[in-house]
């Protein structure tokens, strides 16, 4: 099988598993991010500012660990572009650690300003805040240098895509939405970009009407065009493992009444559109989603795949037998267990969750730091899942 | 005379307008009952904790409750100076461990611990193990709560527990770890005494340890 055929066969394997079809084996989409940097013998600061080094870490990972998909093919956490622009102190990294300082771009009173003209708002409010005093000092030369670096980054992305797909036969997880960029429900935009956890939590109590206005408008202006494209489109796109991916994080701060008010009505319209077209959507649920399980119980098999973080996958299967599961392998075990313990748990996951389809093996957290997994455990698990026949 | 039962109830129901109105009334009456008002607010926070445990409230509600408590202290602070609201409090240390800058979870837990009768020595975020050990030693504190969000925080929690052992103090302190990455398995691997995802469990465990 050449790489292209391998890629297509893996897409089919992921699709079958997500559609609860019996498969010969359980596919493994490795939820590995920067852990592979350490595993390849580099440090974060070396890899995140050097495309060649990051590429070597990806090659090392794919040469060492047999997997069917890789969450980050070396294109996240690249700081060349922002370094060229002068950073700004909103992120930090060193040999072992990378992180971003939180910035809330709006207050509840400026949400409409953002929606009125996001570009103007970014230019006049977000960027000056992000880059501090240095924002005013960006010369034409700095912009040129940054643009050149950005183009290098684009070329690097194409190169990595060609390498992972064309050489290793790895499929991409999901396409961008029919418009541009990711599918982002309104509450997620509020939590991750515009208000942050603190402000959103307080606003849900203190200014709920303003949030109602925002999520309504966000849905009308951003989500309905996507929903219309889905409804008028051709349905599943078999170039990818899933037809779409969504991140859910904001539900973790909401009580049921708040979820019912601010989140569910609009999310339901989006999910219904995917269901209507027989499309499969992966939802990465950070934290826990189990307490909202009843909202998802009526979708037919083959529409939803939840990538679980904190939820017990066996309890989840019991609560939502109609929803495929991605995840299961805990970083606790990968970092503290023995290869034998890890393989025994991986076998249990495959046997109990995957024998009739509906299970994609993955790690419950994005493997990011050196001690998130022992290499010998990762290797034992990857080999086992690759070789094990159901 | 302010109705302190009504104040406790309003705090429990997160009814900001009523809480604010009653606290302003306390101050308008001279502030002599500021201690009782603080006790009532803390009683209301117990209700918040119970409703969280029952699943009616969630994380956002705890953040909002913390905001109301902060505002309450701000309103009453001039009158609270020199008064004692609930007698001598048990002292404990709380921090987000080294290499982790997340503070929202820590701050929620802090509000709940303070409402639960603790004087919390909050060492902040990105706190190295040695600083925790020194604070415990200098202030004679035996209850330590370590918070973190990143999986990387588990390494720092382990290093902090080890630092207490290296200082010959491990038997003198009780250590609880909390935050998204912790679990029963992580607790065992780190060598902590307890672990929690919920602030209410943290309060309950620490109260048991403090005997309050």
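Since every read-out is calculated from the coordinates, none of them should be taken as a lab result. Please read all numbers here as calculations on a predicted model, not as lab measurements. For neighbour counting, all protein chains shown are included, and Cβ atoms are generated from backbone atoms with ideal geometry for every residue, glycine included.
Please figure out what share of the DSSP beta bridges in chain A is antiparallel and state it in percent, rounded to the nearest 5. Display every interim value, and only then the final one.
Values: 3 of 25 bridges.
Bridges in chain A that DSSP calls antiparallel: roughly 10 percent.
Length gain on complete extension for the stretch residue A:21 to residue A:293, per 0.36 nm per residue less the alpha carbon to alpha carbon distance? Let's see the in-between values first.
Working: separation 272, 0.36 × 272 = 97.92 nm, distance 2.25 nm.
Extra length from residue A:21 to residue A:293 when fully extended: 95.7 nm.
I'd like the orientation of helix B:34-53 relative to chain B: the angle between its Cα long axis and the longest Cα principal axis, in ° from 0 to 90, rounded to 10.
In chain B, helix B:34-53 runs at an angle near 60 degrees to the longest axis.
Regarding the range A:68-213, what are the three Cα extents along the principal axes, ordered largest first, in Å?
54, 40, 33
With each pseudo-label sitting 7 Å past Cα toward Cβ, what's the residue A:301-residue B:17 distance in nm, one decimal?
5.2 nm
What order do you get for A:279, A:326 when you list them from fewest to most C-beta neighbours inside 10 Å? Don't skip to the answer; put the middle values down first.
Numbers: A:279 20, A:326 27.
Exposure proxy ranking, most exposed first: A:279, A:326.
Would you mind calculating the relative contact order of chain B from Cα pairs under 8 angstrom and at least 6 residues apart, reporting the percent as a whole number? Each step should come with its number before you reach the end.
Details: 342 pairs, mean separation 36.1, N = 212.
Answer for chain B is 17 percent.
Provide the FRET efficiency to the nearest 0.05 for the residue B:24-residue A:2 pair, computing r from the beta carbons and using R0 = 56 Å.
Working: r = 76 Å, r/R0 = 1.35.
About 0.15, to the nearest 0.05.
Within 10 Å of each Cβ in peptide B:53-66, how many partner chain Cβ atoms are there on average? Round it to a whole number, please. Walk me through the numbers before you get to the answer.
Details: counts 0, 0, 3, 3, 3, 11, 8, 15, 7, 2, 9, 8, 2, 3.
For this peptide, the per-residue mean of nearby foreign Cβ atoms is 5.
Treating the angle as unsigned and between 0 and 90°, give the value, to the nearest 10°, between the Cα long axis of helix B:16-28 and the longest Cα principal axis of chain B.
70 degrees
7 Å from Cα along Cα→Cβ at both residue A:318 and residue A:228: what's the point-to-point distance in nm?
Simple spin-label model gives 4.6 nm for this pair.
For a Förster distance of 45 Å, can you work out the FRET efficiency between the beta-carbons of residue A:348 and residue A:49, rounded to the nearest 0.05? Write down the numbers at each step before the final one.
Working: r = 41 Å, r/R0 = 0.91.
The pair residue A:348/residue A:49 has a calculated efficiency of 0.65.
Relative contact order of chain A, please, whole-number percent, based on alpha carbon pairs below 8 angstrom and at least 6 residues apart. All intermediate terms of the calculation are to be shown ahead of the outcome.
On the way: 645 pairs, mean separation 98.6, N = 390.
RCO, chain A: 25 percent.
Rounded if a/c is under 1.5, else prolate if a/b is larger than b/c, else oblate: which is the range B:96-185, with a ≥ b ≥ c the root eigenvalues of its Cα gyration tensor? Mind showing how you got there, number by number?
Details: a/c = 1.58, a/b = 1.08, b/c = 1.46.
Because a/c hits 1.5 or more and a/b fails to exceed b/c, the range B:96-185 counts as oblate.
For chain B, find the longest principal axis of its Cα atoms and tell me its angle to the long axis of helix B:59-80, 0 to 90°, nearest 10.
Long axis of B:59-80 versus the principal axis of chain B: about 60 degrees.
Calculate for the protein assembly as shown the 222 nm mean residue ellipticity that helices alone would give, adding -39,500 (n - 2.57) per DSSP H run of length 4 or more and normalising by residue count, nearest 500 deg cm²/dmol.
Result for the protein assembly as shown, helices only: -14500 deg cm²/dmol.
If neighbour count is taken as other Cβ atoms inside 10 Å, put A:14, B:164 in order from fewest to most.
Numbers: A:14 26, B:164 21.
Going from least to most buried by this count: B:164, A:14.
Per-residue Cβ counts within 10 Å, from other chains only, averaged over A:191-203: what number is that?
Details: counts 1, 0, 0, 0, 0, 1, 7, 8, 1, 2, 12, 7, 2.
Shielding by partners across A:191-203 averages 3.
What would the Debye formula give as log10 I(q)/I(0) at q = 0.15, 0.17, 0.19, 0.20 Å⁻¹ for the alpha-carbon point model of the range A:231-390, no solvent?
Rounded to two decimals, the profile gives -0.86, -1.05, -1.22, -1.30.
Which part of the range B:176-199 falls in the paramagnetic zone of residue B:162, meaning amide N under 14 Å from the point 7 Å along Cα-to-beta-carbon?
B:189-192
I need the Debye-formula profile for chain B: one equal scatterer per C-alpha, no solvent, reported as log10 I(q)/I(0) at q = 0.08, 0.19 1/Å, two decimals.
Normalising to I(0) and taking log10 leaves -0.29, -1.27.
Taking 0.36 nm per intervening residue step and subtracting the Cα-Cα distance, what contour gain separates residue B:138 from residue B:172 on full extension?
Numbers: separation 34, 0.36 × 34 = 12.24 nm, distance 1.33 nm.
Result: 10.9 nm gained on full extension.
Relative to the present Cα-Cα distance, how much length would full extension add between residue A:60 and residue A:376 at 0.36 nm per residue of separation? Write out the running numbers ahead of the final one.
Details: separation 316, 0.36 × 316 = 113.76 nm, distance 1.46 nm.
Gain on extension, residue A:60 to residue A:376, equals 112.3 nm.
Label-point separation (nm) for residue A:141 and residue A:383, each offset 7 Å from Cα along Cα-to-Cβ?
5.5 nm
Using Cα-only point scatterers and the Debye equation, what is log10 of I(q)/I(0) for the protein assembly as shown at each q in 0.11 Å⁻¹, rounded to two decimals?
-1.20
Over all directions, the average projected area of the alpha-carbon convex hull for the range B:4-80 comes to how many nm²?
Details: hull surface 17.1 nm².
Mean projected area for the range B:4-80: 4.3 nm², to one decimal.
Quick one: B:207, A:220, fewest Cβ neighbours within 10 Å first, how do they rank?
Values: B:207 16, A:220 12.
Taking fewest neighbouring Cβ atoms as first place, the list is A:220, B:207.
Partner chain Cβ atoms within 10 Å, averaged over the residues of B:150-158 - can you pull that number for me?
Details: counts 7, 12, 9, 1, 7, 6, 0, 0, 1.
Per-residue shielding by partner chains comes out at 5.
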